[in-house]
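Peer 1: Could you have a look at this structure, given as structure tokens, before my questions?
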Amino acid sequence: MQDRPLTGKVAIVTGAGSPIGLGRAMTLALVRAGARVAMLDVSEAWLEQTANDVREVGGDSCVLTQVCDVSDPDSAEEAVRKTIAGLGGLHILINNAGIINPSGHGIGKRTNFWDITPETWSKIVAVNSSGPFHMARASVGHMVAQKWGRVIGVTTSMDSMYHEGMSPYGPSKACHEALSALMARELEGTGVTANVLVPGGATDTNIFPQDLCYDRALLIRPEVMQAPAVWLASEESEETNGQRFIAYDWDESLPIEQRLKKAGAPAAWPQLGKQGIIPWR
């Protein structure tokens, strides 16, 4: 891959503000690869802090910050409009924003599903499941019209989707995974692809409180997302659609075919489930 494979491309990264997060890591990688990035987050303070770090790498014009609530379809549409107007286009969408509890910070104690309030369920599903839909819906029309685009969804590990105590986070991310697989099928042949990228396990982000009882050194570093995110956003991934990749298994020392085989599998694991009988097919 060339040194700056994303030169001329414009990306949106949701959940980009956290000073210790996947969004920050991927934004830095995209900028280093030549892209200009619209950084979206609900926290203006976090956005400015992280954007200043990114500007030190790519210059003042490399990022556009926008306060955006992805759970609000109007906010999502406005963010896309401002990105196209402010940066001159849109080629890449990384749906990264996600929360575990309504405040968006910390793991909190284990809660069984029957103890979760409807308000908590609705808030988390609105961000983690509906948010990617709102952002993709607002973005993909532009991408299809230009016959080129990349949608990358950050979901979670399969066991986290149904691990005890992980509701509603786990099920909400399973919905995002299924949505990504569906988008890939419906976008086939348009020049726009949809894929999934996950870290591969517990990752050192602000989701975990600073007083974590575990050794933080054992957590996966957010930077594992950088190389696969850039590749998935690039021209080189043209033939890759409907796949999920584990960033921890992405090995830059391998030829690309071996790299994809080691880290990748079909999104939403269709190989694990028996297909339903659909009489009209």
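Peer 1: Under 7 Å between Cβ atoms, at least 6 apart or on separate chains: pull out the pairs that start in the stretch 51-64 with a residue that is surrounded by fewer than 14 Cβ atoms within 10 Å (Cβ to Cβ) and end on any residue that is part of a helix (DSSP H, G or I).
Peer 2: Cβ pairs passing all conditions: Val57/Leu28; Val57/Val31; Val57/Arg32.
Peer 1: If I ask for residues that are among the acidic types (Asp, Glu) and either within 17 Å of the chain's Cα centre (by Cα) or assigned to a helix (DSSP H, G or I) (or both), which ones from the stretch 1-32 would you list?
Peer 2: Selection gives nothing.
Peer 1: I'd like the residue in the stretch 247-263 that is aliphatic (A, V, I, L, M) and assigned to a helix (DSSP H, G or I) and, out of all such residues, is surrounded by the fewest Cβ atoms within 10 Å (Cβ to Cβ).
Peer 2: Ile256
Peer 1: So the check is Cβ under 6 Å with 6+ separation or different chains; which pairs have a first residue in the stretch 8-19 that's at negative phi and of a type in the set (A, V, I, L, M, F, W, C) and a second one that's assigned to a loop (DSSP other than H, G, I, E, B) and surrounded by fewer than 24 Cβ atoms within 10 Å (Cβ to Cβ)?
Peer 2: Val10/Gly89; Val10/Leu90; Val10/His91
Peer 1: Given Val125, Val151, which one is touching a residue at least 24 places away in the same chain (Cβ under 8 Å) and either in contact with an Asp or Glu (Cβ under 9 Å, 6 or more places away or on another chain) or crowded, with 23+ Cβ neighbours inside 10 Å (or both)?
Peer 2: Val151
Peer 1: Ok, one more. Specify the residue that is nearest to Ala11 (Cα to Cα); the eligible residues are those in the stretch 235-281 that are modelled with pLDDT under 95 and of a type in the set (S, T, N, Q).
Peer 2: Across the stretch 235-281, the extreme among qualifying residues is Gln271.
Peer 1: Still on this structure, I have one more. Quickly run through the stretch 96-121 and pick out the residues that are over 23 Å from Gly17 (Cβ atoms) and either part of a helix (DSSP H, G or I) or modelled with pLDDT of 95 or more (or both).
Peer 2: Across the stretch 96-121, the qualifying residues are Phe113, Trp114, Asp115, Pro118, Glu119, Trp121.
Peer 1: Right, something else. Go through (1) more than 16 Å from the chain's Cα centre (by Cα); (2) among the small types (Gly, Ala, Ser); (3) in a helix (DSSP H, G or I) and name the single condition Gly189 misses.
Peer 2: Every condition holds for Gly189 apart from (3).
Peer 1: Restricting to the stretch 65-95, and then to whatever is among the polar types (S, T, N, Q) and assigned to a helix (DSSP H, G or I), can you tell me which residue is surrounded by the most Cβ atoms within 10 Å (Cβ to Cβ)?
Peer 2: Thr83
Peer 1: Also, quick follow-up: Is the stretch 208-216 home to any residue that is aromatic (Phe, Trp, Tyr) and either at pLDDT below 95 or more than 21 Å from Val13 (Cα to Cα) (or both)?
Peer 2: Yes, that holds for at least one residue.
Peer 1: Can you find a residue in the stretch 16-23 that is over 23 Å from Thr155 (Cβ atoms) and either of a type in the set (A, V, I, L, M, F, W, C) or at pLDDT 95 or above (or both)?
Peer 2: There is no residue in the stretch 16-23 that is over 23 Å from Thr155 (Cβ atoms) and either of a type in the set (A, V, I, L, M, F, W, C) or at pLDDT 95 or above (or both).
Peer 1: Quick one: which of Thr14, Thr50 is farther than 15 Å from Met135 by Cα and of a type in the set (Val, Ile, Thr)?
Peer 2: Just a single option satisfies the conditions, and that option is Thr50.
Here is a yes/no grid of residues against (1) without any contact (Cβ under 8 Å) to a residue 40 or more places away in the chain; (2) touching a strand residue (DSSP E or B) at 6+ places or on another chain (Cβ under 8 Å):
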| site | (1), (2) |
| --- | --- |
| Ser157 | no, yes |
| Ser160 | yes, no |
| Glu164 | no, no |
| Gly170 | yes, no |
| Glu186 | yes, no |
| Gly189 | yes, no |
| Leu197 | no, yes |
| Ala202 | yes, yes |
| Asn206 | no, no |
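Peer 1: So, in the stretch 184-196, of the ones that are out of contact with any helix residue (DSSP H, G or I) (no Cβ under 6 Å at 6 or more places or on another chain) and not polar (S, T, N, Q), which residue ends up surrounded by the most Cβ atoms within 10 Å (Cβ to Cβ)?
Peer 2: This residue is Ala184.
Peer 1: Please find, among Met166, Met135, the residue that is hydrophobic (A, V, I, L, M, F, W, C), touching a helix residue (DSSP H, G or I) at 6+ places or on another chain (Cβ under 6 Å) and outside any helix (DSSP H, G or I).
Peer 2: The match here is Met166.
Peer 1: Can you tell me which residues in the stretch 139-152 are within 13 Å of Thr14 (Cα to Cα) and in a helix (DSSP H, G or I)?
Peer 2: The answer is Ser139, and nothing else.
The values are calculated or read from the model by the stated rules, or taken from the named source; none is laboratory data. Just so we're clear, the structure is a prediction, and the values are computed from it rather than from any experiment. No Cβ is skipped: glycine too gets one built from the backbone with ideal geometry, and neighbour counts run over all protein chains shown.
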